[in-house]
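Read through the structure below, which is laid out as structure tokens, and then see the notes.
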Amino acid sequence: MMLEIILKEVREFLRDKTNLFFFMVFPVIMVYLLGNLLSNYDNAEEAIGTLTVHYMIEASDPADVMAVESFVQNLTDQENIIFEKTGSLDLSMEMAGRDEIDAVVLFTGSPMEIHIYEGMNRIRNRSVNAMMNGFSQINKAVKVLAKNNPMALADAANTGDSGSGFIEQKDLGIKRTMVDYYSITMLTMLSFTSLMIGSICFIGERQDRTIRRLKIAPVSQVKLFLAKILGLMPQAIMQTTLMMVLNTVLFKARYASNLIDNLYLFFMFFLITFAVISIGAVYGLFVNINPMATIFPVIWIMMFLSGTYSKGIFIDGVTQLMPIYQVQEAAFDLALFGNYEKANTVVLVCAVTSIVMLVVGAAEFRRREER
Amino acid sequence: MSYVYVENLVKKYGDLTAVDHISFTVEKEEIFGLLGPNGAGKSTTLNVITTLTDFNKGEVIINGLDIRKDKSQIKQIIGMVPQDIAIYNHLSAYENVKFFASLYGLRGSRLRKNVLEALEFVGLSDKIKEKPKNMSGGMRRRLNIACGIAHDPRLIVLDEPTVGVDTQSREHILNSIRQLRDRGATVIYTSHYMQEVEEICDRIAIIDKGKMIALGTERELVSMVTDVKSIYVETRIPAGFDREAFCKKLKLMPGVKAVKAEDAVIRVDVSIEQNGTERIIQEFLNHRLPIDNIKSEVPNLDTLFLTLTGRELR
């Protein structure tokens, strides 16, 4: 029965030309248009310049000390990174606070912990974080991020954080373009506009008058609800896959630098789409008004404020509150720096949201009488 | 025991009592009609029987199963043809019927066989690949029926299945309903088209404002109001013809209740049971009275509804 419902949902989706356009073709066109035609209006790159980092080793294990020394030596060999040993942690932190150096890193304890005292420039902070992240993964160290200067956060916002993911990662050998930027923001757009698919799945059954036929069938109401939602999953997979593949093949867009990160990025967006579809489905149970006229405009405004259409748009105190912005941040962190921290949070929030929505939706669907 | 047993059914929506202590039974292989104007409570009654809506009071037993306790078993034997066309526009006729039949656990060759039979039954076997949006209103109605009967239900509930269809499709649908009954199904049929109900239903319940106002066969219902039909004969009475004597003679005929002459028209009220139309015409001819025009006025369900409620059915 579940399979029949899933197949029915897929057939309907693939045969509805409006759906196909809005959820398959439109986002890809947007990436092309925004990424190429408007690229002159947006600055895709930000030069990092030379990074100056002070460090101190307080680790007790000789193996850890050797690992740190070796790591620092390797980095110092690169022209644009200066690692200097400091004798006074407090003095170095003050320098970071005055923007004289970019960060202070303390290697301490056993097992070794890495404490990063960030400086004023968030983009540079990210670079330092990415480096330390790589080191901690190799050495199984615990990374502790400390904000030694609260002003750094505010400053980071003022640097135009929506575009902060678009620094030139010379160490990764990737020169980022606006197509890359929009290939991620449009993926976000696609995920959030899936709210339509979710809500229409029940509003549409009501409009077609088929919901009563479904409800009188000898099938558990909970199963029926879940089957309807699961029936939308192939669409979520299809649209995310198609978007990533087409953007990569047609427009040479780059997401993450390796397969694992790309797969996790795909997984994250799939889960976001699933959560959004679940929210839409519950909306469709309670409200019989087309979401195109109700919550859809709200999502478009949120996308606008989140810099989905232009990385130059950032309103301090507003943009950071947008879930769409947080998703984009997580995606950029993952794609550009291989940083999973925010992506994990997004995955967790989406998983919890999906479960809550499925429980609420199933209970409501079971309880609800269709008149 | 009756196949469907409904006792003192009450369904309220807030302050509105949509169904108010309705009781009826439907026998196996019977076509049972629910007749009433829009908003009378027919669809709500059907929604309760089809397990779609819970009710406030009363008892509903179908095939010996209590609707509250054995809902899933009852769902298995019910086929619903809703008033609105409930089909998916992006699926073909075959896919639509197959999808709904599969919800009842049909699989494989049996599923295919039932789907094709259902489409053939409603006369759409040559349209199996057609999408509903390319079909006429009548064909969509028939597809709507196919979706409700493909799983071979024992109790078929049809809620105004002929709304907005052309005469040809309507006839096809009514014949199909008779055939379903002949194949062993029990049918509950609602309509506000009196003629349809008279034509196909074995027994009829008339509902108004949530209450049942009459129940019985068509003849039983009509006889609640009158058992007489009027025959109007327009003739030319020759000079010297004794009209009074002729009328007296007519009145002595079996079943004739009253005779009244007005100018060239003679009205004869005759018992429906006796149905003496032919004999009356013969009597006119025996007296060499030419018949220019004849019409018969038979009381119907509309007359009954009008008598009981003071309003017309539609």
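Residues that are crowded, with 19+ Cβ neighbours inside 10 Å and touching a residue at least 40 places away in the same chain (Cβ under 8 Å) within segment B:49-60 comprise B:49, B:50, B:53, B:55, B:60, listed in sequence order. In segment B:71-96, the qualifying residues are those that are open to solvent by less than 20 Å² (accessible area, probe 1.4 Å) and in a loop (DSSP other than H, G, I, E, B), and the one that is farthest from the other protein chains (Cβ to nearest Cβ) is B:92. Kindly indicate whether any position in segment A:205-224 is closer than 14 Å to residue A:23 by Cβ, open to solvent by 30 Å² or more (accessible area, probe 1.4 Å), in contact (Cβ under 8 Å) with a residue 40 or more places away in the chain and part of a helix (DSSP H, G or I). No: zero hits. Test residue A:63 against the criterion of being modelled with pLDDT under 80 and open to solvent by 30 Å² or more (accessible area, probe 1.4 Å), and give yes or no. The answer is no for residue A:63.
Every residue, every condition in (1) on the phi < 0 side of the Ramachandran plot; (2) within 14 Å of chain B (Cβ to nearest Cβ); (3) not in a helix (DSSP H, G or I), yes or no:
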| site | (1), (2), (3) |
| --- | --- |
| A:300 | yes, no, no |
| A:313 | yes, no, yes |
| A:324 | yes, no, no |
| A:343 | yes, no, no |
| A:346 | yes, no, no |
| A:351 | yes, no, no |
| A:361 | yes, no, no |
| A:366 | yes, yes, no |
| A:369 | yes, yes, yes |
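Return yes when residue B:39 is over 22 Å from the mean Cα position of the chain (by Cα) and farther than 26 Å from residue A:217 by Cβ and no when it is not. No: the conditions fail for residue B:39. From the list B:227, B:166, the one residue that fits, being closer than 19 Å to residue B:302 by Cβ and either without any contact (Cβ under 8 Å) to a residue 60 or more places away in the chain or open to solvent by less than 10 Å² (accessible area, probe 1.4 Å) (or both), is B:227. So residue B:68 clears everything in (1) out of contact with any Ser or Thr (no Cβ under 6 Å at 6 or more places or on another chain); (2) away from chain A (no Cβ under 14 Å); (3) not in a loop (DSSP other than H, G, I, E, B); (4) not acidic (Asp, Glu) except one condition, right? Which one? Single failed check for residue B:68: (3). Could you tell me whether any residue of segment B:295-305 is surrounded by 16 or more Cβ atoms within 10 Å (Cβ to Cβ) and of a type in the set (Ser, Thr, Tyr)? Within segment B:295-305, one or more residues are surrounded by 16 or more Cβ atoms within 10 Å (Cβ to Cβ) and of a type in the set (Ser, Thr, Tyr).
The numbered conditions (1) hydroxyl-bearing (Ser, Thr, Tyr); (2) farther than 20 Å from residue A:67 by Cβ; (3) open to solvent by 20 Å² or more (accessible area, probe 1.4 Å) are all true for residue A:110 except (2). Residues that are at pLDDT below 75 number at least 2 in the following strands (runs of 3 or more DSSP E) confined to segment A:66-150: A:142-146. Please find, within segment B:145-162, the residue that is farthest from residue B:83 (Cα to Cα) out of those that are touching a Gly at 6+ places or on another chain (Cβ under 7 Å) and open to solvent by 10 Å² or more (accessible area, probe 1.4 Å). Across segment B:145-162, the extreme among qualifying residues is B:151.
Number of residues in segment B:21-43 that are open to solvent by less than 20 Å² (accessible area, probe 1.4 Å) and within 14 Å of another protein chain (Cβ to nearest Cβ) equals 2. For the residues B:249, B:295, the requirement of being more than 30 Å from residue B:215 (Cβ to Cβ) and assigned to a helix (DSSP H, G or I) singles out B:249. Got at least one residue in segment B:10-20 being open to solvent by 10 Å² or more (accessible area, probe 1.4 Å), at the interface with another protein chain (Cβ under 10 Å from one of its Cβ atoms) and part of a helix (DSSP H, G or I)? The answer is no; no qualifying residue exists. Farther than 21 Å from residue A:208 by Cβ and crowded, with 16+ Cβ neighbours inside 10 Å - does that describe any residue in segment B:107-115? Within segment B:107-115, one or more residues are farther than 21 Å from residue A:208 by Cβ and crowded, with 16+ Cβ neighbours inside 10 Å. Looking at segment B:123-134, can you tell me whether even one residue there is within 13 Å of chain A (Cβ to nearest Cβ), in a helix (DSSP H, G or I), over 16 Å from residue A:8 (Cα atoms) and of a type outside the set (S, T, N, Q)? Checked against the condition, which is being within 13 Å of chain A (Cβ to nearest Cβ), in a helix (DSSP H, G or I), over 16 Å from residue A:8 (Cα atoms) and of a type outside the set (S, T, N, Q), segment B:123-134 yields at least one hit. For segment A:257-275, how many residues are open to solvent by 10 Å² or more (accessible area, probe 1.4 Å) and in contact with a Phe, Trp or Tyr (Cβ under 9 Å, 6 or more places away or on another chain)? Residues that pass the stated criteria total 4. Within segment B:173-198, the set of residues being of a type in the set (S, T, N, Q), surrounded by fewer than 18 Cβ atoms within 10 Å (Cβ to Cβ) and within 21 Å of residue B:219 (Cα to Cα) comprises just one member, B:195. Residues in segment B:97-111 that are more than 9 Å from every other protein chain (Cβ to nearest Cβ) and either part of a helix (DSSP H, G or I) or at pLDDT 95 or above (or both): B:97, B:101, B:108, B:109, B:110, B:111.
The values are calculated or read from the model by the stated rules, or taken from the named source; none is laboratory data. Note that the structure is a prediction, hence the values are computed from the model and not measured. Using ideal geometry, Cβ is built from the backbone for each residue, glycine included, and neighbour counts are taken over all protein chains shown. Areas reflect the complete protein model, heavy atoms only, side chains present, ligands, DNA and RNA absent. Shrake-Rupley method; radii C 1.70, N 1.55, O 1.52, S 1.80 Å.
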